[in-house]
Amino acid sequence: MLNLEHRDIVRKASMVESGLLLECDHCGKFFRQKNHLRSHMKKHKHRCSSCDETFLLKKDLRLHAEEKHGPVIYPCTICEYKSNNKWTLRDHIVRRHSTSYDHACPVCHKRFKIRNDMKQHAKQVHSNAPPMKCLICGQTSKTLPALKAHMRYRHYKPDYECRICKRRLTSQSRLDQHLLWHETREKVICSTCGKTFSHKRDLDIHARIHEGIRPYACPVCGKTFSRRTAQEQHTLIHTGLRPYICDICGQAFTQKPGLICHRKRHPGPLPQLPVISVRKLITEFTQELTTTAKKDEDQVEAKKAEIK
């Protein structure tokens, strides 16, 4: 039996070498005609980066990757935000970490960083189309995507919930795979409280809470914080600025939570909360403080020189 198999292998190798047989580099199947091999190669169009398994359709590759290897997580390189969708991450970086508002609403001229945000605003605020009503609870939505999102998250939540991150999944098998991902990916554990993290950088930031490390100080009063974002929000109090402006009535607030609570008082479905970056304001305020302090210091030195 082994001799027959060996002879068959040798014979096929000889036919491949002579060009009579064509071999698929992915699965080793043999073909006598190039068009048959070319047609077969379509089955290997999409390759899994984790195990090299190949698929004909991209959706089959995505399903395989999620079930076998867990969801792919794309971390923001600037802050702690993470997403399982690289396009969502791209939009996050533009909204949160850029300062260019390149897209203006053609009706009210309000400016947005992302074109889709502007389009969504125009549909929700300026469209004359009648609102679409949820048949279950009666809530109205200006757009079909908004209605679908409401139905999905309010009335048709998946039954299987992850006990760790509270993500909901559609089947027990997917939940099991998701839990396995937690076990294999989240190996960085806080030795003090047991909280787990995907990246050591996140653990290092978290550890400041237990160690009392507060590397970010307010340039005005000296109060310290473990996170830069907390320090920036605090520093806003000293600037006297009110950068958080209600996009509905125009009322301004110093802190973001104040704006969020205020917007809830407006009736009906609300547009997406505008993204406001305060880092540039804080940088300009700090530079002005430094310049003023330097001038005061120079004046003191000049007076000392006069006295001498």
Completion exercise
Checked against (1) surrounded by 12 or more Cβ atoms within 10 Å (Cβ to Cβ); (2) out of contact with any Leu (no Cβ under 6 Å at 6 or more places or on another chain), Leu169 satisfies every condition except (2)
Practice task
From the list Gly258, Gly222, pick out the single residue that is at pLDDT 80 or above and assigned to a loop (DSSP other than H, G, I, E, B).
Solution key: Gly222
Handout entry: His182 surrounded by 16 or more Cβ atoms within 10 Å (Cβ to Cβ) and modelled with pLDDT under 75
Key = yes
Exercise for the section: Would you check if there is a residue in segment 189-201 being part of a strand (DSSP E or B) and in the same structural domain as Val278 (by TED's automatic domain parsing)? Expected result: no
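When you go through Leu180, Leu175 one by one, which is the residue that is closer than 28 Å to Tyr153 by Cα and touching a residue at least 40 places away in the same chain (Cβ under 8 Å)?
Leu180
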Problem - Checking Arg90 against (1) surrounded by 12 or more Cβ atoms within 10 Å (Cβ to Cβ); (2) in the same structural domain as Arg47 (by TED's automatic domain parsing), the condition it does not meet - result: (2)
Problem - Selected residue (criterion: farthest from Ile248 (Cα to Cα)) from residues of segment 116-145 that are modelled with pLDDT of 75 or more and under 23 Å from the mean Cα position of the chain (by Cα) - result: Asn116
Handout entry: Residue check for Arg62: closer than 30 Å to Ile205 by Cα, in a helix (DSSP H, G or I) and not hydroxyl-bearing (Ser, Thr, Tyr)
Key = no
Practice task
Could you list, in sequence order, all residues of segment 232-253 that are crowded, with 16+ Cβ neighbours inside 10 Å and free of Cβ contacts under 8 Å to residues at least 24 places away in the same chain?
Solution key: His234, Cys246, Phe253
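Quick check: anything in segment 112-127 closer than 30 Å to Ser226 by Cα and touching a Phe, Trp or Tyr at 6+ places or on another chain (Cβ under 7 Å)?
Yes.
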Practice task
Taking Cys165 as the residue in question, decide whether it is more than 27 Å from Gly250 (Cα to Cα), assigned to a loop (DSSP other than H, G, I, E, B) and within 25 Å of the chain's Cα centre (by Cα).
Solution key: yes
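The values are calculated or read from the model by the stated rules, or taken from the named source; none is laboratory data. Quick caveat: nothing in here was measured; it's all calculated off a predicted structure. We place every Cβ from the backbone using ideal geometry, glycine too, and count neighbours over all the protein chains shown.
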